[in-house]
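Visitor: Take this structure first; my questions come after.
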Amino acid sequence: MARDNEFHPSRLAWLVAGTLTLIIVCVVCGKALSDDWTEAREQMVREIEADVRRTAAYIGTDELDPRVMQSMATTLRHEFVPEDIIDLAYYNQPQSIGYGQTISQPYIVALMTHLLAPEPDDVILEVGTGSGYQAAVLAPLVAEVHTLEIIAPLAEAADARLSRLGYGNVAVSHLDGYYGLEEHAPYDGIIVTAAAGHVPPPLVEQLAPGGRMVIPVGDTWQVQHLMLILKDQEGEVATRGILPVVFVPLTGGH
C-alpha cells in the first residue's frame with residue numbers, strides 16, 4: 001500500500017483531470033466576466049454625474065432624479081448598439097446605429113429623461129425610436145411608452161429587441177413622428193430624439209394639460225438647443241431653452 005506522501009500513477013491521472021477541469025472553469029468564468037457590464041455601467045453613471053455638475057448652471061440642478069439615474073445604471077445599453085462597436089456601448093458619447101442615425105450620449109439620455117419628470121402613471125410618446133435605448137430607459141419609470149420610428153428596419157429591429165428584453169409596456173410603430181400618434185393622445189410627456197427646425201404643432205396638440213415635451217430644435221449643422229415645452233392646465237404653452245446640443249435631423253414628409 002502506498003503511503004500518503006508517495007507518488008502513485010492514479011494520482012497523476014487525478015491531477016491532470018483536476019487541472020483540465022480548473023482550466024475549463026477559468027475559461028468559462030472569463031467568458032462570464034467578459035459579458036458582465038456592471039462596472040462599465042457604474043463608470044458611465046459617474047461620468048453622467050460629472051457632466052451634470054459641469055452643466056448645472058444651464059440645466060438648473062447639479063443632481064438628476066435618482067429614479068432616472070437608477071434606470072441608467074440598470075438598462076443594458078450594450079444590447080442597443082451594433083455588435084461591432086459593443087465595446088463602446090458605455091462610453092459617454094453618441095454611437096452610430098446605421099441608417100445615418102445614432103444612439104444618444106448617455107448624459108443627454110439621462111438629462112432628457114429627467115426633464116420629462118416621468119411619473120409611474122404617465123403615458124409617454126417618444127419620437128425617434130432608433131435602437132430603442134431611450135424607450136428602455138423610460139419603461140421602468142412610467143406606465144406606457146409609445147415610440148415612433150420612420151426608418152422601417154430600425155423600427156422592426158427595436159420592436160424585436162425590446163420584446164426580447166421584456167419591455168412589455170413599450171409599443172413601437174413605424175410612423176412619421178412629426179405628426180405624433182393621436183390614437184393614444186393626450187400624452188403626459190413627449191420626448192423627441194432628433195432635431196426639428198421648429199416644434200411640431202401636432203405634438204403640442206397631443207401634449208396633455210400639465211404635460212412636458214423635451215425636444216432639440218435647430219437646423220442640421222447649425223446651433224441646436226434642447227428645449228423644454230410646458231403646457232399648463234389651461235393649455236397655455238411656455239418654452240425654456242436648456243443647453244446647446246447636436247442631434248441628427250428629424251426626417252419625414254413635413
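FYI, it's all coordinate maths here, none of it is from the lab. This structure is a prediction, so every number in the text was calculated from the model and none was measured. Please note: Cβ atoms are built from the backbone with ideal geometry, for glycine as well, and neighbour counts cover all protein chains shown.
Visitor: Counting only the backbone N, which residues of the stretch 87-103 are under 20 Å from the spot 7 Å out from the Cα of V246 toward its beta-carbon?
Guide: Within reach of a label on V246: 88-103.
Visitor: Using amide H atoms built in the peptide plane, which far-off residues or other-chain residues are under 5 Å from G210 H to H?
Guide: K231, D232, Q233, G235
Visitor: Amide H to amide H, which residues 5 or more places from Q95 or on other chains are under 5 Å from it, using H placed in the peptide plane?
Guide: Amide H neighbours of Q95: I103.
Visitor: I've got another one for you. Can you give the net charge of the other residues whose Cβ lies under 14 Å from the Cβ of G98, counting K and R as +1 and D and E as -1?
Guide: -3
Visitor: Using per-residue counts of other Cβ atoms within 10 Å, averaged over each peptide, order 81-88, 68-75, 107-114 from highest down.
Guide: Per-residue mean Cβ counts within 10 Å order the peptides as 107-114, 68-75, 81-88.
Visitor: If I fit a long axis through the Cα atoms of helix 9-34 and take the longest principal axis of the Cα atoms of the chain, what angle between them do I get, 0 to 90°, rounded to 10?
Guide: 10 degrees
Visitor: Work out, step by step, the length gained on full extension between Q222 and R67: first 0.36 nm times the residue separation, then minus their alpha carbon distance; give nm to one decimal.
Guide: Result for the pair: 52.5 nm of gain on full extension.
Visitor: For the stretch 59-68, in order, what is each residue's ³J(HN,Hα) by Karplus, 6.51 cos²θ - 1.76 cosθ + 1.60 with θ = phi - 60°, in whole Hz (x at glycine and Pro)?
Guide: 8, x, 7, 10, 8, 8, 3, x, 5, 5
Visitor: Residues of the stretch 135-156 with backbone nitrogen within less than 20 Å of a virtual label 7 Å along the Cα-to-Cβ line of E119, please, listed as ranges.
Guide: Inside the label zone: 138-146.
Visitor: Sticking with this one: Whole-Hz Karplus ³J(HN,Hα) for the stretch 178-184, in order, using 6.51 cos²θ - 1.76 cosθ + 1.60 and θ = phi - 60°, x for Gly and Pro?
Guide: 4, 8, x, 8, 4, 3, 10
Visitor: Tell me, what HN-Hα J-couplings in whole Hz come from the Karplus equation 6.51 cos²θ - 1.76 cosθ + 1.60 at θ = phi - 60° for each residue of the stretch 186-201, using x for Gly and Pro?
Guide: Result, rounded to whole Hz: x, 9, 5, x, 10, 10, 10, 10, 9, 7, 9, x, 7, 6, x, x.
Visitor: Highest mean first, how do 182-195, 200-213 rank when packing is the count of other Cβ atoms within 10 Å averaged over residues?
Guide: Packing order, densest peptide first, comes out as 182-195, 200-213.
Visitor: Helix-derived [θ] at 222 nm for the chain: sum -39500 (n - 2.57) over DSSP H runs of at least 4, divide by residue count, nearest 500?
Guide: -11000 deg cm²/dmol
Visitor: To continue, here is another question. Can you tell me the order of 58-66, 46-54 when each peptide is scored by its average per-residue count of other Cβ atoms within 10 angstrom, highest first?
Guide: Per-residue mean Cβ counts within 10 Å order the peptides as 46-54, 58-66.
Visitor: May I ask for the net charge around I59, where only other residues with Cβ less than 13 Å from the Cβ of I59 are counted and Lys, Arg are +1 while Asp, Glu are -1?
Guide: Taking every Cβ under 13 Å from that of I59, the sum is -2.
Visitor: For L243, list long-range residues whose amide hydrogen, built 1.01 Å from N in the peptide plane, is under 5 Å from its own amide hydrogen.
Guide: L226
Visitor: Can you tell me the orientation of helix 106-116 relative to the chain, as the angle in degrees between its alpha-carbon axis and the longest Cα principal axis, to the nearest 10?
Guide: Rounded to the nearest ten degrees, it is 50.
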